[in-house]
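Peer 1: There's a structure below that I have some questions on.
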Amino acid sequence: MNIFVCVKRVPDTSEAIVKVDSSGRGVDSSKFSFDINESDNYAVEEAMLIKEAKGGNVRVVCAGTQDADVMIRMALAKGGNSAIRIDDPRINVIDPLQVAKVLAAAIKGKEFDLVLTGCMANDDGNMAVGVALAEELGVPHAAMVKKVEVETGMVKVYRELEGGLSEVVEMELPAVITIQTGINEPRYAPIRGIREAQKKELAVVKLEDLGLAPEAVGEGASLITLENFYIPKVESKAEILEGEPDQKAVTLAEKLVKGGLL
Amino acid sequence: MGNVFVLTEHRQGVLREISLEMLTKAAAVAGKTGGEVVAVLLGSGVDAFAGKVAGYCDRVLYMDDPLFTDYNSEKYQKALAALLKEYKPEIFMIGHTTQGVDLAPALAVELKLPFISDVIDINVVDGKLKPVRQYYQGKVNANFSFKGEPPYLVTFREATLEVGEAVKNGGIEKIPSLLQEDVAYRRFIEYVEAEVGDVDITQSEILVAVGRGVKEDKNMPLIEGLAAVMKADICGSRAAIDAGWLSHDRQVGTSGKTVKPKLYIAIGVSGAFQHLAGMKGAKTIVAINKDPDAPIFSVADYGIVDDLFKVVPKLTEKLKELKS
Amino acid sequence: MNTELLTAELQDFIQKHDLYGCIQCGRCTGGCPVTVRTNLNVRRFVYNSLDQSMRDDLAKLPEIWDCTACNTCAVRCPKGLKPVEVLMGLRNILVVEQGTVQTTVRDALESVFLEGNPWSKPRKTRSDWMEGLDVKIAEPGEKVENLIFVCCTVAYDPRVQVLAKNLADLLNKAGVDYGFIGESEACCASEVHHLGEEDLFLEMVESNTELLNEYVADRIVTISPHCFSSFKNQYPAVKAKVIHYTQLIAELLEAKKLIFNKEYPHKIVFHDPCFLGKQNGIYAEPRTILGHIPGAEVVEFERRRERSLCCEGGGGKMWVESESKKERLAETRARDAGALGASILAVACPFCVLTLDDAIKAKGLEEQLRVAELLEIIGALVD
């Protein structure tokens, strides 16, 4: 099995204070911690499990700066064979279709059976790159997969739908699968393995190396424009409900049901 | 010009609410663009859905074809690509759901559509559509605009607005299915219900967490009653596990599990740092604790500072009422 | 025990831990505090580790994770062996060689590797606790008498950030020459060693040694006994002398550079932290500090000093739960404190603060007893 797994380096902002920067179209990331996108990490593990079961190789693909090398080596340490990092500031990362085009350029023309990637990036929540990538590569896809069963020339996947229902789908290989969190338990990459992974190939390429013209990327090539960021009006973090206990219980119940949370 | 098309989403004989939410938003947008609201329905023998959405739009374009019995991204993509080429709406709205994300980006690439996902609002400024979406898990909003010619494509987030009244009276047009043949590459096999059995709380959508404040095992039925109404799984802080009320696989925290539910209700949980670390990824956090200084309130979205034994029974009762 | 089939790697293991030196007297297990609630029998582990085929299975037993590294076994061993390190060696086999590790351990280790702390917090916010406070930062290359090492838990956990704040305040008031490291401070990796990731531990030792030696410090003063024990015993190339803050404060009190001038009329019982006491023989200095507190009545546990009952915070236990359902040692300790009629359970370690806080709540003793780290107490006693 020739497997590609696409990974993204994202900040962990679950506890961070996010501030819009002076340009109005970015945020101040100086205090963020960064790591591999959560569902991509699950995709990496799934790729390794398939490789261990069926044989073959796993190549890691990442569009990112040198800061992403640590996380790529961690993926290689888990069993990846080689990696390609596309380092080019011209890529308009705000546009998932453009990112998909760039990733496709790194994979096109190479032999592959499966391309795995996380179903969603935790920073932008687009849930679009994987499926767009499939279309760019001209292969079938399935998004939000919780179980993968590789057969000969085919793959059967279980897509996780709302309410825990699974949709079972079969696809001809080659195919693209976007992976949902919880599909497996990502292994720990011991430091020893990460250091040894330095010996594995990590090719750093630019757009021209992939046969992409400069006009294919950048804000000019996007059909969407990010105009500005702004902080949504948020009440002080906890809205403390007022009144007698009964009243508060009723208010909360209404908020939960009417707010679509239940 | 200015027409807003909406994909009607349905599954296993149920029309999904997102369809009506999008149609409500579509009406607001079309009101400003001067266009029509059109519901697109792909299915087999789903006339009832056509009738339902007709109350929310000016036209229903209904492709009734046995090949659409179950959702398949390949079939939907083929049919919708042909439909968009023929009808050229200003914008096509698809739900940002497990179906929508499986479909929209491929459609966007195929037709080279300007595409924005997980949109929470669509403003109309000087006749131009300006979608809004969020970054960093809701901490930042972003205004977007489209470049180039329509049709534009968005996936629209669920539960962002209330469904309006069914005041319209759209004409239902059965149009010929634009699906020429069955598909080649991706086959729908079946639906499988969620497994009932041991719970993996890391996969739970709704969690009720218990802490020290619940005081004793004999108070757990009170919590179980609430969890049942909420269709929630129960988890706990270390105190609850230590006290033997829950098994260790239900512990949330640095020496337990890390959970990321849509909704986390912490009852009698103080919110020590090691516990917060295990649930900080929850989308919405509600805390009920009689201590106003409990650290759990620093991460909660909603808080009730009161005796949980006074609040929980009423909460359970009211939820039962609202959900029936 | 088949000695002909010893692999080179097993021979290293045996030699490193001097397993042949063990006479199987059982003093280790006899003094091990966790035996009351788990199946851990460290004597048997030492013996069975000599057998290659047994050793790999031993590494998989859940009880090797019950060890808190309190060091009682090493203190008691008549042959001067360290049975605790055999258990750490077995953890190492599991983590590094077999690659199997609990998810909580995985997350803590990855966090140390990527962000320099085991709590999955950003490196860049490590010094946020200092905001708005008068805290001196040391400059590399410039002479400083006391280089203060905060600790990841103290830096990030709101419950114990007060320790760092109070220490800075006290040092300012005493006019001491000191400096904190600031943002470049990274995990001492004591718990990395105890979680079995020896390679990562050694990398952290190397980078931390380089960092610490950049400062021209007479002494490195740590807030946590775990950092203290690690720097003192496992960082051979660090130039400065390493002490715990209780040693510095005791020194200042004796020299009258620091004077407590407020009353603290409470009955205090002191819990000897294992990593201060059993691991490093520091029992007197915390008592010196307590002795200077005006109005306080200081009482002692029966299990004190070398017999202190481990709170189960060390040895990686903050990230690994025991399978035992029996009463936690911290809860036993809390009960004992309550039985003595104490209103303050004093500690000198951030892990003890956290485990004993939980224990007091679990036992429903909040009304009569609370945990206070020494810095929490004395921080309020100086004008």
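Peer 1: Going 7 Å from the Cα of residue B:218 in the Cα-to-Cβ direction, what parts of the stretch C:339-369 have a backbone nitrogen less than 18 Å from that spot?
Peer 2: Within reach of a label on residue B:218, which here means backbone N under 18 Å from a point 7 Å along Cα→Cβ, the stretch C:339-369 contributes C:364.
Peer 1: For a test of the definition: using alpha carbon positions, the gyration tensor, and the 1.5 limit on a/c, classify the stretch C:3-98 as rounded, prolate or oblate. Spell out each step's value before the answer.
Peer 2: Numbers: a/c = 1.91, a/b = 1.29, b/c = 1.48.
Note, shape of the stretch C:3-98 comes out oblate.
Peer 1: Separate question: Kindly list the residues of the stretch C:72-89 that lie in the label zone of residue C:306, defined by a backbone N under 14 Å from the point 7 Å along the Cα-to-C-beta vector.
Peer 2: Once the point is set 7 Å along Cα→Cβ of residue C:306, C:72-81 turn out to lie under 14 Å by backbone N, inside the stretch C:72-89.
Peer 1: With a 10 Å cut-off between alpha carbons and a GNM built on chain A, which of A:79, A:118, A:138 moves the most?
Peer 2: Maximum among the listed residues: A:138.
Peer 1: With each label point set 7 Å from Cα along the Cα-Cβ vector, what nm distance links residue A:70 and residue A:201?
Peer 2: 2.7
Peer 1: Now, a different point. Can you put C:28, C:352 in order of Cβ neighbours within 10 angstrom, beginning with the fewest?
Peer 2: On the way: C:28 27, C:352 30.
So the residues, fewest neighbours to most, are C:28, C:352.
Peer 1: Quantify how strongly other chains surround peptide A:237-244 by giving the mean number of their Cβ atoms within 10 Å of each of its Cβ atoms. Let's see the in-between values first.
Peer 2: Working: counts 7, 13, 5, 8, 8, 2, 2, 4.
Per residue, the number of nearby Cβ atoms from other chains is 6 on average.
Peer 1: Apply the Karplus curve 6.51 cos²θ - 1.76 cosθ + 1.60, θ = phi - 60°, to the phi angles in the stretch A:69-84 and return the couplings in whole Hz, x for Gly and Pro.
Peer 2: In residue order, the calculated couplings are 4, 4, 5, 5, 5, 5, 5, 5, 4, 7, x, x, 8, 7, 9, 10 Hz.
Peer 1: Ok, one more. Classify the stretch C:86-214: rounded, prolate or oblate, from the alpha-carbon gyration tensor (a ≥ b ≥ c, eigenvalue square roots; a/c under 1.5 rounded; otherwise prolate if a/b is larger than b/c)?
Peer 2: Numbers: a/c = 2.63, a/b = 1.93, b/c = 1.36.
Since a/c reaches 1.5 and a/b is larger than b/c, the shape of the stretch C:86-214 is classed as prolate.
Peer 1: Please order C:383, A:88 by the number of other Cβ within 10 Å, starting at the fewest.
Peer 2: If I rank by nearby Cβ atoms, fewest first, I get C:383, A:88.
Peer 1: Just add up the charged neighbours of residue C:75: K/R +1, D/E -1, any other residue whose Cβ is under 10 Å from the Cβ of residue C:75. List each step's numbers first, then the result.
Peer 2: Working: positive: C:27, C:76, C:82, C:278, C:307; negative: C:306.
So the surrounding residues net to +4.
Peer 1: How big is chain A in terms of Cα radius of gyration and Dmax, in angstroms?
Peer 2: Cα only, chain A: 20.6, 68 Å (Rg, Dmax).
Peer 1: Here's something else I'd like to know. Can you tell which of C:295, C:281, C:132 shows the greatest fluctuation in a Gaussian network model of chain C with Cα springs below 10 Å?
Peer 2: Ranking C:295, C:281, C:132 by mean-square fluctuation puts C:132 first.
Peer 1: log₁₀ I(q)/I(0) of the protein assembly as shown at q = 0.05, 0.06 Å⁻¹, via Debye over equal Cα point scatterers, no solvent, to two decimals?
Peer 2: Normalising to I(0) and taking log10 leaves -0.34, -0.49.
Peer 1: Translational diffusion coefficient of the stretch C:258-378 at 4 °C, 1.567 mPa s, Stokes-Einstein with Kirkwood Rh over Cα pairs, in µm²/s as a whole number. Don't jump to the answer; show the numbers that get you there.
Peer 2: Numbers: Rh = 14.6 Å.
Roughly 89 µm²/s, to the nearest whole number.
Peer 1: Roughly how many nanometres apart are two label points built 7 Å out from the Cα toward the Cβ at residue C:173 and residue C:211?
Peer 2: Using points 7 Å along Cα→Cβ, the separation is 3.0 nm.
Peer 1: Still on this structure, please answer the following. Remind me, relative contact order of chain C in percent, using alpha carbon pairs under 8 angstrom and six or more residues apart? Before the final figure, lay out the partial values.
Peer 2: Details: 670 pairs, mean separation 64.4, N = 383.
Relative contact order for chain C comes out at 17 percent.
Peer 1: Sort B:36-44, B:283-291, C:171-179 by the packing proxy (mean of other Cβ within 10 Å over each peptide's residues), most packed first. Mind dumping the intermediate values first?
Peer 2: Details: B:36-44: 23.8, B:283-291: 21.6, C:171-179: 17.3.
With the highest mean Cβ count within 10 Å placed first, the list reads B:36-44, B:283-291, C:171-179.
Peer 1: Follow-up. List, in order, the whole-Hz ³J(HN,Hα) value for each residue of the stretch C:182-189 obtained from phi through the Karplus relation with A = 6.51, B = -1.76, C = 1.60 and θ = phi - 60°; use x for Gly and Pro.
Peer 2: Karplus-based 3J(HN,Hα) across the stretch C:182-189 equals x, 4, 7, 5, 9, 3, 5, 6 Hz.
Peer 1: Skipping prolines and chain starts, which residues have an amide H placed within reach, meaning under 5 Å, of the one on residue C:189, given they are 5 or more residues away or on another chain?
Peer 2: Amide H neighbours of residue C:189: none.
Peer 1: Helix B:73-87 versus the longest principal axis of chain B: what is the Cα-based angle in degrees, 0 to 90, to the nearest 10?
Peer 2: Taking the Cα atoms of chain B, the angle to B:73-87 is about 50 degrees.
Peer 1: Counting helices only, and only those DSSP H runs with n ≥ 4, report the 222 nm mean residue ellipticity of chain A as the sum of -39,500 (n - 2.57) divided by its residues, in deg cm²/dmol to the nearest 500.
Peer 2: Values: 6 runs with 67 residues, N = 262.
Helices in chain A give a 222 nm mean residue ellipticity of -8000 deg cm²/dmol.
Peer 1: Enter the Cα centre distance for the pair the stretch B:157-174 and the stretch C:70-128, rounded to the nearest angstrom.
Peer 2: A separation of 58 Å, based on Cα centres.
Peer 1: Another one. Applying 1/(1 + (r/R0)^6) with R0 = 22 Å to the Cβ-Cβ distance of residue C:218 and residue C:136, what FRET efficiency is obtained, to the nearest 0.05?
Peer 2: E between residue C:218 and residue C:136, to the nearest 0.05, is 0.90.
Peer 1: Taking K and R as +1 and D and E as -1, what net charge do the other residues with C-beta under 12 Å from the C-beta of residue B:291 add up to? Spell out each step's value before the answer.
Peer 2: On the way: positive: B:212, B:290, C:361; negative: B:293, B:306, B:307, C:366.
Result for the neighbourhood of residue B:291: -1.
Peer 1: For helix C:329-339, what angle does its Cα long axis make with the longest principal axis of chain C, in degrees from 0 to 90 and rounded to 10?
Peer 2: Between the helix axis and the principal axis of chain C, the angle is about 40 degrees.
Peer 1: Another question about this same structure. Would you calculate a helix-derived [θ] at 222 nm for chain C, using -39,500 (n - 2.57) for each DSSP H run of n ≥ 4 and dividing by the full residue count, to the nearest 500? Don't jump to the answer; show the numbers that get you there.
Peer 2: On the way: 17 runs with 154 residues, N = 383.
Theoretical 222 nm ellipticity from helices: -11500 deg cm²/dmol.
Peer 1: Can you flag which of B:112/C:124; B:88/B:174; A:110/B:88; B:280/C:361; B:52/B:112; B:215/B:280 are past 30 Å Cα-Cα?
Peer 2: Numbers: B:112/C:124 41 Å; B:88/B:174 18 Å; A:110/B:88 36 Å; B:280/C:361 22 Å; B:52/B:112 32 Å; B:215/B:280 24 Å.
Result: B:112/C:124; A:110/B:88; B:52/B:112 exceed 30 Å.
Peer 1: Report, in deg cm²/dmol and to the nearest 500, the calculated mean residue ellipticity at 222 nm for chain B, where each DSSP H run with n ≥ 4 adds -39500 (n - 2.57) and the sum is divided by the residue count.
Peer 2: Values: 8 runs with 87 residues, N = 324.
Mean residue ellipticity, 222 nm, calculated: -8000 deg cm²/dmol.
Peer 1: So, one more: Once you place label points 7 Å from the Cα toward the Cβ at residue B:191 and residue A:52, how far apart are they in nm?
Peer 2: 3.5
Peer 1: While we're looking at this one, here's another question. One-quarter of the Cα convex hull surface for chain B, in nm²? Present the calculation step by step, with values, prior to reporting the outcome.
Peer 2: On the way: hull surface 75.5 nm².
That works out to 18.9 nm², a quarter of the Cα hull's surface.
Peer 1: If you don't mind, another one. Arrange C:203, C:191 by Cβ neighbour counts within 10 Å, fewest through most, would you?
Peer 2: Numbers: C:203 18, C:191 28.
With the sparsest Cβ surroundings first, the list reads C:203, C:191.
Peer 1: Another question, if that's okay. Per-residue Cβ counts within 10 Å, from other chains only, averaged over C:120-127: what number is that?
Peer 2: Working: counts 9, 5, 10, 3, 6, 6, 1, 0.
So the per-residue partner count for this stretch is 5.
Peer 1: Roughly speaking, what is the centre-to-centre gap between the stretch C:297-343 and the stretch A:1-44 when only Cα atoms are used, to the nearest Å?
Peer 2: 41
Peer 1: Could you work out the mean count of beta carbons from other protein chains within 10 Å of each residue's beta carbon in C:295-303? Write down the numbers at each step before the final one.
Peer 2: Details: counts 0, 0, 0, 0, 0, 0, 0, 0, 0.
The shielding value for this peptide is 0.
Peer 1: Report the calculated FRET efficiency for residue B:324 and residue B:298 (r = Cβ-Cβ distance, R0 = 35 Å), to the nearest 0.05. List each step's numbers first, then the result.
Peer 2: Details: r = 35 Å, r/R0 = 1.00.
The computed FRET efficiency comes out at 0.50.
Peer 1: Let me ask you something else. Run the numbers on chain B and let me know its relative contact order in percent, using alpha-carbon pairs under 8 Å that are six or more apart.
Peer 2: On the way: 666 pairs, mean separation 44.1, N = 324.
Value for chain B: 14 percent.
Peer 1: Once you keep just the Cα pairs under 8 angstrom separated by 6 or more residues, what percentage relative contact order results for the stretch C:103-253?
Peer 2: Values: 227 pairs, mean separation 38.2, N = 151.
25 percent.
Peer 1: Here's something else I'd like to know. Order of C:11-19, B:98-106 by packing, highest average Cβ count within 10 Å first? Don't skip to the end; give the middle numbers.
Peer 2: Values: C:11-19: 15.6, B:98-106: 27.2.
With the highest mean Cβ count within 10 Å placed first, the list reads B:98-106, C:11-19.
Peer 1: Which whole-angstrom value gives the distance between the alpha carbon centres of the stretch B:200-215 and the stretch B:1-50?
Peer 2: 37
Peer 1: Could I ask something else about it? Under 10 Å, Cα contacts only: if you run a Gaussian network model on chain C, which one of C:23, C:220, C:249 comes out with the highest mean-square fluctuation?
Peer 2: Of C:23, C:220, C:249, the Gaussian network model singles out C:23 as fluctuating most.
Each reported figure results from applying straightforward, stated rules to the coordinates on display, with no laboratory input. A quick note: this is a predicted structure, and the numbers were derived from the prediction, not measured. We place every Cβ from the backbone using ideal geometry, glycine too, and count neighbours over all the protein chains shown.
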